[in-house]
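Trainee: Dumping the structure here so I can ask a few things about it.
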Amino acid sequence: MEPVVTYFSTLEQRPLERMALLVGGLIFFWIIEGAIPLFQLKYRKTKFSHALVNFGFTVIHLIIHTALAVLIVLLSDWCRNAGFGLVYWLHANVAGAIVIGVLALDFSSWLVHWSMHQQPYLWRYHLIHHSDNKVDVTTGLRHHPGDSLLRGIFFLLLIFVSGAPMYSVMIYQTLVVITTAFTHANISLPKKLDKGLSYVLISPNMHKVHHHWKQPYTDSNYGAVFSIWDRLLGTYKELDPSKIRYGLDRYYDNEKDEDFLSLMKDPFIKKRQRQDAALIQPGKKSPST
């Protein structure tokens, strides 16, 4: 256990190594989804032009979370020095600290995701993620800056509550980077394998239900790494992959899902303008397959 703690305790100080994990995961699942695709996605131009739009949001997301990393380290160290948080109140050992920290931070991912779907103002920012009509591995970090900032705030909140030490924080961040690429990748797993995974982890098919273009399926399966929160809190839903269509049935014009500037500006458009300009008829929805 000591080598694990040592490695992850200092991972925050090795940004190139962290970037290699992110890029390596994207490339790995990019290759896999090309070999065993769930859908034969028909991109507006090419897969690479679609990826460039999503990478633009990814870069901004990483800049924001790199800045927030300073606060994360300071808060985690403060909790340790003050003995504040569940880890210290329960006198957890290293293994207990990892479990408490990972579960608490995964709950923060579920909670912020659920909140953005429930609160109309927050949904303005999060819908940019859902507006992608061609969900693949690059969709995973397609977050508006407002969405990214809110995720960071909830992350800090659950570090404060849990007292998660830095090795626990970095273990979770590594898990969520890999899982995000896995769950968004356009890959077809054997149904029994996907179903089996979904009892504990977020599986690709489980998360694809969340990207279905119609509610109530859009408002389900909020988890990031573990599926327990959706199952315990009543937000778990199933839908056969053959019935899944990506995008949005309202709020945003699906024809603009690769217009980077429009996507950046969209949360700031007044409600009446959004209703007039963004609502589309179901018959005009571009199929994802």
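Trainee: How big is the equivalent ellipsoid of the stretch 197-236 along its three axes, where each semi-axis is √(5λ) from the Cα gyration tensor, reported in whole Å from largest to smallest? Mind dumping the intermediate values first?
Mentor: On the way: eigenvalues 51, 25, 7 Å².
Values for the stretch 197-236, descending: 16, 11, 6 Å.
Trainee: At q = 0.18 Å⁻¹, what base-10 log of I(q)/I(0) does the Debye formula yield for the stretch 109-264 when every alpha carbon is treated as an equal point scatterer in vacuo?
Mentor: The Cα Debye sum returns log10 ratios of -1.17.
Trainee: Here is a follow-up. Given the chain, report the % of alpha carbon pairs whose separation exceeds 28 Å. Each step should come with its number before you reach the end.
Mentor: Working: 15248 of 41616 pairs.
Percentage above 28 Å: 37.
Trainee: Beyond a 23 Å Cα-Cα separation, which of these cross-linked pairs lie in this structure: K191/K256; K42/K265; K191/K237; K47/K192? Present the calculation step by step, with values, prior to reporting the outcome.
Mentor: On the way: K191/K256 33 Å; K42/K265 26 Å; K191/K237 16 Å; K47/K192 29 Å.
Long pairs (Cα-Cα over 23 Å): K191/K256; K42/K265; K47/K192.
Trainee: Kirkwood hydrodynamic radius for the stretch 44-92: how many Å is it when counted over pairs of different Cα atoms? The partial results should precede the final answer.
Mentor: Details: mean 1/r = 0.0731 Å⁻¹.
Computed over the stretch 44-92, the radius equals 13.7 Å.
Trainee: Hey, if we sort L150, L157, L52, L105 by accessible area with the 1.4 Å probe, largest down, what's the order?
Mentor: Result of the area sort, largest leading: L52, L157, L150, L105.
Trainee: With a/c under 1.5 counting as rounded, go ahead and sort the stretch 105-190 into rounded, prolate or oblate using the C-alpha gyration tensor (a ≥ b ≥ c being the square roots of the eigenvalues; past the cut-off, prolate if a/b is larger than b/c, else oblate).
Mentor: On the way: a/c = 2.35, a/b = 1.20, b/c = 1.96.
Oblate is the answer for the stretch 105-190, as a/c is 1.5 or above yet b/c matches or exceeds a/b.
Trainee: Determine Rg/Rh for the stretch 1-131; Rg is computed over alpha-carbon atoms and Rh is the Kirkwood hydrodynamic estimate from the same atoms.
Mentor: Working: Rg = 18.8 Å, Rh = 18.3 Å.
Answer for the stretch 1-131: 1.03.
Trainee: When the Kirkwood radius is taken over all Cα pairs of the stretch 73-129, what Stokes-Einstein diffusion coefficient follows at 37 °C and 0.692 mPa s, in µm²/s?
Mentor: On the way: Rh = 13.2 Å.
Translational diffusion coefficient: 248 µm²/s.
Trainee: Give me the accessible area per residue for the chain, probe 1.4 Å, as a whole number in Å². Each step should come with its number before you reach the end.
Mentor: Details: 13760 Å² over 289 residues.
For the chain, the per-residue accessible area is 48 Å².
Trainee: Could you give me the radius of gyration and the Dmax of the stretch 27-72, taking only the C-alpha atoms into account and expressing both in angstrom?
Mentor: That works out to 14.7, 42 Å for Rg and Dmax.
Trainee: Rounded to a whole number, what % of the accessible area of the chain do carbon and sulfur atoms account for, probe 1.4 Å?
Mentor: Details: 9310 of 13760 Å².
Roughly 68 percent of what the probe reaches on the chain is carbon or sulfur.
Trainee: Moving on. Between rounded, prolate and oblate, where does the stretch 180-251 land on the alpha carbon gyration tensor, with a ≥ b ≥ c its root eigenvalues, rounded for a/c under 1.5, else prolate if a/b exceeds b/c?
Mentor: oblate
Trainee: Kindly state, to the nearest 0.05, the FRET efficiency for F28 paired with L90, given R0 = 30 Å and r defined as their beta-carbon distance.
Mentor: Values: r = 37 Å, r/R0 = 1.22.
For F28 and L90, the calculated efficiency is 0.25.
Trainee: Starting from the Kirkwood radius over alpha-carbon pairs of the stretch 1-78, derive D by Stokes-Einstein at 20 °C in a medium of 1.002 mPa s and give it in µm² s⁻¹.
Mentor: Details: Rh = 15.4 Å.
The estimated diffusion coefficient comes to 139 µm²/s.
The values are calculated or read from the model by the stated rules, or taken from the named source; none is laboratory data. It should be emphasised that the depicted structure is a prediction, and the values quoted were computed from it without experimental measurement. Cβ: placed from backbone, ideal geometry, glycine included. Neighbour counts: every protein chain shown. For the accessible areas, the whole protein counts, side chains as well, though only heavy atoms, and no ligand, DNA or RNA atoms are used. Shrake-Rupley method; radii C 1.70, N 1.55, O 1.52, S 1.80 Å.
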